[in-house]
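Comments concern the structure below.
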Amino acid sequence: MTLFTPATGASARQFALGQDLRVTILTSAAETEGRHDVTDSVMAAGAATPLHMHTRYEERLWVVSGSLTVWAGPDTVTLRSGDFFTIPRDVPHTIKSGPDGARALNITTPAGFAEIIARAGTPLHLVTPETGLDAELFMAVTAELGDVVLGPPGTTPADLNRPGR
């Protein structure tokens, strides 16, 4: 299935996941024969992802501006402009933007993240101040594509080892 062609233009590649994440798909699986995809993501100040892991692809982050704190397995790192970090496949992780938000390039190998965004995100031109994340659609698409949500935003990998989990 081809999600994008050069004729679709930039606006067809811009999405929002709720109010805290804006993503532009720079390169899709269709353009790389599935080898990788690249997205340009902007997170609002203090925004966080759910605790999750990818079973089909690695995730690489290169911070353009602002900062991101990444909890990946036993590691916690704070990335600033110019920093790069790789999250291997099957590693529980979560990401939180700093006080000024963050902009980062996200590269997944093989391709995967851009398809989640294209299928579960809201096209940017349709976003209003009331637009929220369609959690049911997001969960269905992520599960289909091999992502596993392990906990809500604010949960870290260390929480998985706590009694009662």
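The values are calculated or read from the model by the stated rules, or taken from the named source; none is laboratory data. Here the structure is a predicted model, which means the values were calculated and not measured. Note that each Cβ is placed from the backbone with ideal geometry, even for glycine, and that neighbours are counted across all protein chains shown. The protein model used for the area step is the full one, side chains on, heavy atoms only, and it has no ligands, DNA or RNA in it. Shrake-Rupley method; radii C 1.70, N 1.55, O 1.52, S 1.80 Å.
For an R0 of 30 angstrom, estimate the FRET efficiency from the Cβ-Cβ distance between ARG89 and ASP134 and round to the nearest 0.05.
Working: r = 26 Å, r/R0 = 0.87.
Efficiency for this residue pair is about 0.70.
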For GLY112, other-chain or 5+-apart residues with amide H closer than 5 Å (H placed, Pro excluded) are ASP37
A correct Karplus calculation of ³J(HN,Hα) over region 109-126, with 6.51 cos²θ - 1.76 cosθ + 1.60, θ = phi - 60°, whole Hz and x for Gly and Pro, returns 9, x, 4, x, 5, 4, 5, 4, 4, 5, 8, 10, x, 9, x, 4, 5, 9
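What percentage of the solvent-accessible surface of the chain, computed with a 1.4 Å probe over protein heavy atoms, is contributed by carbon and sulfur atoms?
Summing carbon and sulfur atoms, their accessible area is 56 percent of the total for the chain.
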Could you pull out the GluC sites (Glu not before Pro) across region 19-70 that fall in loop regions by DSSP (anything but H, G, I, E, B) with no more than 11 other Cβ atoms inside 10 Å? GLU33
Please list log₁₀ I(q)/I(0) at q = 0.11, 0.14, 0.20 Å⁻¹ for the chain, using the Debye equation with identical point scatterers on the alpha-carbon positions. -0.41, -0.69, -1.49
Karplus couplings for region 61-76 from phi (6.51 cos²θ - 1.76 cosθ + 1.60, θ = phi - 60°), rounded to Hz, Gly and Pro as x? 10, 10, 7, 8, 7, x, 8, 10, 9, 10, 9, 10, x, x, 8, 10
State whether region 69-111 is rounded, prolate or oblate according to the following rule on the C-alpha gyration tensor (a ≥ b ≥ c being the square roots of its eigenvalues): a/c under 1.5 gives rounded; otherwise a/b larger than b/c gives prolate, and the remaining case gives oblate. oblate
